[in-house]
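Novice: Submitted below is the structure of interest, expressed as structure tokens.
The values are calculated or read from the model by the stated rules, or taken from the named source; none is laboratory data. In this text the structure is predicted, and so the values were computed from the model without any measurement. No Cβ is skipped: glycine too gets one built from the backbone with ideal geometry, and neighbour counts run over all protein chains shown. In case anyone asks, the SASA skips ligands and DNA or RNA and just uses the protein heavy atoms, side chains included. Shrake-Rupley method; radii C 1.70, N 1.55, O 1.52, S 1.80 Å.
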Amino acid sequence: MQLTSFTDYGLRALIFMAALPTGRMTSITEVTETYGVSRNHMVKIINQLSRAGYIAAVRGKNGGIRLGKPADEIVIGQVVRDMEPLQLVNCHSDFCHITPACRLKSALHQAVQSFLAVLDGYTLADLVADNHPLYQLLQIEQPSVRS
């Protein structure tokens, strides 16, 4: 299974924010520059993550974006569910004439559920905790103790 770039960059943006020191805000510009992605694309991603409650946007002079809830409460499987279409094949009878007898849809559904079950075992905090190489690559000072 391959995630869309929308979900991929959404997860990357969340990882970046989770790696920031507690209380530090960032900007869409900083995230786009870190990953080399189009600002317009990232604005759409941040908006969806914000609507889902993963990101909080603060307006004003000292505003910016930050995680909308603690990293240990953000389950990766749920983020993927909220961002990704997850329909692997078009099984509408107008599109596929074997739909009434096809067992592929059931097999693919089972595969997606297994994929998501694995991702449900990880939180955003799991992806950044004690990840020294990540902090170096993001050029963020790693905190001595993560909460």
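Novice: In this structure, does ILE46 turn out to be more than 25 Å from ASP130 (Cα to Cα) and in contact with a helix residue (DSSP H, G or I) (Cβ under 8 Å, 6 or more places away or on another chain)?
Specialist: Working: more than 25 Å from ASP130 (Cα to Cα): yes; in contact with a helix residue (DSSP H, G or I) (Cβ under 8 Å, 6 or more places away or on another chain): yes.
Considered against the rule, which asks whether it is more than 25 Å from ASP130 (Cα to Cα) and in contact with a helix residue (DSSP H, G or I) (Cβ under 8 Å, 6 or more places away or on another chain), ILE46 comes out as yes.
Novice: Residues that are in contact with a Cys (Cβ under 9 Å, 6 or more places away or on another chain), at least 1 per element: which helices (runs of 4 or more DSSP H) completely within the stretch 69-128 meet that?
Specialist: Details: elements: 76-83, 104-119, 124-128.
Helices (runs of 4 or more DSSP H) meeting the threshold: 104-119.
Novice: Regarding SER50, is this residue hydroxyl-bearing (Ser, Thr, Tyr) and more than 23 Å from TYR9 (Cα to Cα)? Explain how you work it out, then say what you get.
Specialist: Values: hydroxyl-bearing (Ser, Thr, Tyr): yes; more than 23 Å from TYR9 (Cα to Cα): no.
The answer is no for SER50.
Novice: For the stretch 36-59, does any single residue satisfy the condition of being in a loop (DSSP other than H, G, I, E, B), farther than 23 Å from LEU137 by Cβ and either touching a strand residue (DSSP E or B) at 6+ places or on another chain (Cβ under 8 Å) or open to solvent by 50 Å² or more (accessible area, probe 1.4 Å) (or both)?
Specialist: Kept after step one, since they are in a loop (DSSP other than H, G, I, E, B), are these residues of the stretch 36-59: 36-38, 52-54, 59.
From what is left, the residues that are farther than 23 Å from LEU137 by Cβ are 52-53, 59.
Imposing the further condition that a residue be either touching a strand residue (DSSP E or B) at 6+ places or on another chain (Cβ under 8 Å) or open to solvent by 50 Å² or more (accessible area, probe 1.4 Å) (or both) reduces the set to 59.
Within the stretch 36-59, one or more residues are in a loop (DSSP other than H, G, I, E, B), farther than 23 Å from LEU137 by Cβ and either touching a strand residue (DSSP E or B) at 6+ places or on another chain (Cβ under 8 Å) or open to solvent by 50 Å² or more (accessible area, probe 1.4 Å) (or both).
Novice: So ALA13 passes all but one of these: (1) hydrophobic (A, V, I, L, M, F, W, C); (2) surrounded by 14 or more Cβ atoms within 10 Å (Cβ to Cβ); (3) not in a helix (DSSP H, G or I). Which condition number does it fail?
Specialist: Here ALA13 meets the rest and fails (3).
Novice: A further question on this structure: Among the residues of the stretch 16-34, which ones are open to solvent by 50 Å² or more (accessible area, probe 1.4 Å), assigned to a helix (DSSP H, G or I) and either of a type in the set (Ser, Thr, Tyr) or within 28 Å of GLN87 (Cα to Cα) (or both)? It would help to see each step written out before you state the result.
Specialist: Of all residues in the stretch 16-34, those open to solvent by 50 Å² or more (accessible area, probe 1.4 Å) come to 21-24, 29-30, 33-34.
This time we only want the ones that are assigned to a helix (DSSP H, G or I), so: 29-30, 33-34.
Across the stretch 16-34, the qualifying residues are THR29, THR34.
Novice: To continue, here is another question. Scanning for something modelled with pLDDT of 95 or more and more than 14 Å from the chain's Cα centre (by Cα), does the stretch 97-111 turn up at least one residue? Write out each step before concluding.
Specialist: From the stretch 97-111, those modelled with pLDDT of 95 or more are none; that's our starting set.
No, the stretch 97-111 has no match at all.
Novice: Can you tell me how many residues in the stretch 67-116 are open to solvent by 50 Å² or more (accessible area, probe 1.4 Å), among the hydrophobic types (A, V, I, L, M, F, W, C) and in contact with a helix residue (DSSP H, G or I) (Cβ under 7 Å, 6 or more places away or on another chain)?
Specialist: The total comes to 2.
Novice: Now a separate question. One residue is enough: does the stretch 63-72 have a residue meeting the conditions without any contact (Cβ under 8 Å) to a residue 24 or more places away in the chain, closer than 29 Å to LEU137 by Cα and over 11 Å from the mean Cα position of the chain (by Cα)? Walk me through it before giving the result.
Specialist: Kept after step one, since they are without any contact (Cβ under 8 Å) to a residue 24 or more places away in the chain, are these residues of the stretch 63-72: 68-69.
Cutting the leftovers down to closer than 29 Å to LEU137 by Cα gives us 68-69.
This time we only want the ones that are over 11 Å from the mean Cα position of the chain (by Cα), so: 68-69.
Within the stretch 63-72, one or more residues are without any contact (Cβ under 8 Å) to a residue 24 or more places away in the chain, closer than 29 Å to LEU137 by Cα and over 11 Å from the mean Cα position of the chain (by Cα).
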